[in-house]
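Working notes, structure below.
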Amino acid sequence: MQQLRTDIETNSAQVFRLKDVFFPETDDLISRAGPELQMRGRIIDFSDSGDRKRQYAIIEVEGIEGPVVVPVDKLKSLSENIELEAQHV
């Protein structure tokens, strides 16, 4: 059984790459911005995948009309992202 991350909760701020957006289609956005572009948004809800609970986060991103859906395993908390960036400096 998959263990749920405790930092992935409704209203938590998360960081993810544009290429990890599951819905809506991102081909046009990726071609203009680059797939490694990192985005930040606030989780507003979750979606299941069959019998696997909370597999997708529904995220509100400032500047994008409508929410985006991102696999939970592709999300990083803000503190996680800062730590990773510090390691690459």
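The values are calculated or read from the model by the stated rules, or taken from the named source; none is laboratory data. Just so it is clear, the structure is predicted and the values come from calculations on it, not from any experiment. All Cβ positions, even for glycine, are placed from backbone atoms using ideal geometry, and neighbour counts span all protein chains on display.
Contact map, the range 34-56: residues that are closer than 15 Å to S77 by Cα paired with residues that are aromatic (F, W, Y) and assigned to a loop (DSSP other than H, G, I, E, B), Cβ distance under 6 Å, separation 6+ or inter-chain. No pairs are found. Looking across the range 55-79 at every residue that is small (G, A, S) and either on the phi > 0 side of the Ramachandran plot or modelled with pLDDT of 90 or more (or both), the one that is surrounded by the fewest Cβ atoms within 10 Å (Cβ to Cβ) is identified as G63. Tell me, which residue of the range 17-39 that is small (G, A, S) and outside any loop (DSSP other than H, G, I, E, B) is surrounded by the most Cβ atoms within 10 Å (Cβ to Cβ)? This residue is A33.
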